[in-house]
Amino acid sequence: MGLPDRHLIVPVLKALLVPACLTIGVLAALPFWSQWSTALKFFYPSAFQLSDPLFGNDISFYVFGLPFLRLLYRGIMASLTLGLLSAAAIYLFNRAIHILPRGVGTTRQARAHLLVGGALLLLAKAWGYRLEAYDLLFSPRGVAFGASYTDVHADLPVLKLLVVLSLACALLLLISVFRRGWKLPVTGFVALIAVSILGKGLFPGLLQRFSVAPNEIAMERPYIDLNIKYTRQAFGLNNIEEREFPADENLTWGTIQRNEATVQNIRLWDTKPLLTSYSQLQEIRTYYKFVDIDVDRYVINGRYRQVTLSPREISYKDLPSKIWINERLNYTHGYGIVMGPVNLVTAEGLPEFFIKDIPPRSLDSVEVRRPEIYFGEIPNDYVFVKTKAQEFDYPSGDRNVYSTYAGTGGVPLSSFWRKALFSMRLGSLKILLSNDLTPESRILLYRDIRQRASRIAPFLRYDSDPYVVVTGEGKLFWILDAYTVSSMYPYSEPVRGIGNYIRNSVKVVIDAYNGTVHYYVSDPQDPIVQTYARIFPDLFKPLDTMAADLKAHLRYPEGLFSVQAQVYATYHMQDSQVFYNKEDLWSLPVRGSDKGQPMEPYFTIMKLPGETKEEFILLVPFTPSRKDNMSAWLAARNDLPNYGKLIVYNFPKQKLIFGPRQIEARIDQDAEISQQISLWNQTGSQVIRGNLLAIPIETSLIYVQPLYLAAAQGQLPELKRVIVAYGNRIVMEENLERALTSLFRSGAAPRPVAPGPVAKRGVETQAQKAMEAYNRALQYLREGNWASYGQEVNRLGELLREMSRQSK
């Protein structure tokens, strides 16, 4: 059965011509529609002032240019292929291409058209081979990421040959327009396919197996050096200052007193038990939630203190009545924060507070005067403010206090049409029908601060841990770290989920009350943020324009620091031979009590060796790979003017320095500590071992680990003991001061580990606590508070058992 008659086909083809062309155009444009950022970066590149070693192009070509050229190449290939296939189909139906017993016949016009189209396709393919050559800089084939010996001496010459053959085949097709027969183009295609199969598939494998593998270090050495150099530059490791840390064991009580600010800022409250305590003690109502604990530093009554703080946000899923008016009009915001010192506890083992309660009550020089939180970390939906409905502000005893929003955030509902559009956009007819909405009302959208920032600048990568700051005026602001990342940095080793280039180039500040968002450039030397600043000149501000009371709370982001520490564990080795053999490979310490989880970076206030004053530091220790002793620790400085500087302190290789896992093992092996922990666990309580912190003091190192006690039913965790390890000695006391006194007090021999205070003083202290617990239990009994009564009785029994044991 043949094709339909030409006279029947032509009208149909003419009718389909315009829709078919539009379809082809849409299909060719699909790769481009969501790639506006790629295109803009191509037209506004910023130089890295560093060239790749293989082609001599500035790194900006690969970060900004090559992604767009790849996109353009795919679009051109798709357009040419679709166009060629469409033309062939039209010619076939139009009888310009006909199948004969001796082969395929064409008209002169169809032949010329298809040959020219094929030549254009081959020209584009030649360009594609050229672009593919650039991809060798990102090859994972060798012992190190980037172009290896085989890539340079096998793949690259083959790709160059394929470029020439593609151009030659295109030329043969153009010549065939004027000559009959298919011999020339078929010959060219056979050669092109043969070189592609043999040259790209077989030859590199043979070279790698029989030439490179037996002499790998000799042949790959130059490329390993390049990988080390470019990886260190891409992750900002080339600016790390190296210092020696002798890890002396000559700490004395005088040394401890000289470093009082460091000791008094050792964090004894881990985030998980502290978050539980905050939730139990300070949420006040079920619809308030603390979702995270932030660690920062403030000047408290003239002293530089490390503090923990958490904003009290509203959670709509926990409202007692989930109706539209409550969720959209009445309950619109969270209220206040809690703040406390990292190292102080009450007599009951609970956290102390600098700021607490509703309304916020400050016990120090930091005050919150604008406590309302309309924009926060909880992904709450839109709300309306300045309405006729009463806007709940905060609870006060058995009544509620109401307020009216006085800020500038949100979009005014100044007309009926705006209400109608928002009703359609949000899919709620109640917006249009509500009598509580007036022309002065405003709608607050995108109240999740990470979502809010990403809606404005989706081309940035945002940190997962924004933190709240109290300004000198008592207002609450969020600071969110934003990163510029790329996976197109030649020779740089990629990190999963990140790419192979990262900078913390932007600090985002968000007003918790008004929702205003400001982007400050924190790394003006970063070419990627320079490009974004050229594309969006009104979006970014210099960091110098940030308010001083916000700038004082800038933190080096833990996310970036963790990535850098992960990469530095390998790339501190700069000798290619050592790198190849992995002779000095490091890893992050593993905590035995966390089921093999790597130790996370942590903040502390300390005086760095050789410095004259304490500062806010982010640090993480390193251990040799597959070993548990310490090899180094990496510190990031947070205070101006040294913000962002990284220092690594190397331990002596000839000296054994206990690592976190070894210290935890020694704690587990201590008979008295293990006995006490077992005793607590057998009395219906649960012992929670806090994070083990390595604290450098001058040129020595101590370890501190808090122990918490919680009821089996998950009640309030209490800080019961503090373990301190130094050298070969370990002590466990009720608090840090006693533990340090036991270790370092001059004239006193090192005390053995004790489950609590010793002799009469300890028994008297426990007796006093037992009497306090008894009195509280009686009070709760009179009030009919049976849950709290049961807790106090359990605490009383625990104290009596401990007194009995100590008196033996």
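The values are calculated or read from the model by the stated rules, or taken from the named source; none is laboratory data. These numbers come from a predicted model, not from an experiment. FYI the Cβ positions are ideal-geometry reconstructions off the backbone, even for glycines, and counts take in every protein chain you see. Areas reflect the complete protein model, heavy atoms only, side chains present, ligands, DNA and RNA absent. Shrake-Rupley method; radii C 1.70, N 1.55, O 1.52, S 1.80 Å.
The charge dipole of region 230-328, taken about the Cα centre with unit charges on the Cβ atoms of Lys, Arg (+1) and Asp, Glu (-1), comes to about 540 debye, rounded to the nearest 20.
Helical runs assigned H by DSSP (4 residues or longer) give the chain a calculated mean residue ellipticity at 222 nm of -12000 deg cm²/dmol, each run adding -39500 (n - 2.57) before division by the residue total. For residue 222, the shell of other residues with beta-carbons less than 14 Å away shows a net charge of -4, using +1 for Lys and Arg and -1 for Asp and Glu. Scanning residues 5 or more positions from residue 394 or on other chains, those with amide H under 5 Å from its amide H are 401, with H placed 1.01 Å from N in the peptide plane. Per residue, the chain exposes an accessible area of 46 Å² to a 1.4 Å probe, with every protein chain left in place. Could you tell me which residue out of 44, 166, 90 lies farthest along the dipole of region 40-180 toward its positive end? Charges go on the beta carbon: Lys and Arg +1, Asp and Glu -1, centred on the Cα centre. Of the listed residues, the answer is 90.
Once you order the gyration tensor axes a ≥ b ≥ c over the Cα atoms, which shape class does the chain get: rounded for a/c under 1.5, otherwise prolate or oblate by comparing a/b with b/c? Oblate. Here's how it looks for residue 338: its modeled amide H is under 5 Å from those of 310, 312, which are all 5 or more places away or on a different chain. Solvent-accessible area assigned to carbon and sulfur over region 32-110 amounts to 64 percent, based on a 1.4 Å probe.
Order the peptides 272-285, 318-331 from the highest to the lowest mean number of other Cβ atoms within 10 Å of their residues. The partial results should precede the final answer.
Values: 272-285: 18.3, 318-331: 15.7.
In descending order of packing, they fall as 272-285, 318-331.
Suppose R0 equals 25 Å. What FRET efficiency, 1/(1 + (r/R0)^6) with r the Cβ-Cβ distance, do residue 428 and residue 315 give to the nearest 0.05? About 0.75, to the nearest 0.05. Taken along its principal axes, the alpha carbon cloud of region 242-379 reaches lengths of 66, 34, 29 Å, longest axis first.
By per-residue mean of other Cβ atoms within 10 Å, what is the highest-first order of 216-229, 77-90?
Values: 216-229: 18.6, 77-90: 16.1.
In decreasing order of mean packing, 216-229, 77-90 become 216-229, 77-90.
The Cα center of region 424-487 and the Cα center of region 260-281 differ in position by 29 Å.
Within a straight-line Cα-Cα reach of under 19 Å, residue 14 can be paired with the following aspartates and glutamates, leaving aside sequence neighbours fewer than 8 residues apart in one chain: 5.
Evaluated with a Cβ-only charge set (Lys, Arg +1; Asp, Glu -1), the chain carries a dipole of roughly 2980 debye about its Cα centre, given to the nearest 20. Within the shell of other residues whose beta carbon sits under 11 angstrom from the beta carbon of residue 740, the net charge comes to -1, with Lys and Arg scored +1 and Asp and Glu -1. Exceeding 22 Å between C-alpha atoms, which entries from my cross-link table qualify? They are 582/627; 475/507; 613/720; 627/653; 272/645. Listed pairs above 22 Å: 613/720; 272/645.
Here the extension length gained between residue 401 and residue 436 equals 10.7 nm, from 0.36 nm per residue of separation less the Cα-Cα distance.
Given 0.36 nm per residue, what is the gain on full extension from residue 57 to residue 15 after removing their alpha carbon distance, in nm? It would help to have the intermediate numbers written out before the result.
Working: separation 42, 0.36 × 42 = 15.12 nm, distance 4.95 nm.
The span from residue 57 to residue 15 would gain 10.2 nm if fully extended.
Helices of the chain meeting both criteria, an alpha-carbon length of 18 angstrom or more along the long axis and an average Kyte-Doolittle score not below 0.5, with helices taken as full DSSP H segments, are 6-33, 66-93, 156-176, 183-197. Between region 646-724 and region 353-420, the alpha-carbon centres lie 42 Å apart.
Under 5 Å between amide hydrogens, built in the peptide plane, is the criterion, and for residue 287 it picks out nothing among residues at least 5 positions away or on other chains.
Charges only on Cβ, +1 for Lys and Arg, -1 for Asp and Glu: so what's the dipole of region 117-168 about the Cα centre, in debye to the nearest 20?
Numbers: 4 positive and 4 negative charges, 23 e Å.
Using Cβ point charges on Lys, Arg, Asp and Glu, region 117-168 gives about 120 debye.
Of all the accessible heavy-atom surface of region 510-615, with the other protein chains kept in place and a 1.4 Å probe, what percent is carbon and sulfur? Its accessible area is 48 percent carbon and sulfur atoms. The relative contact order of the chain, computed from alpha carbon pairs under 8 Å that lie at least 6 residues apart in sequence, is 10 percent.
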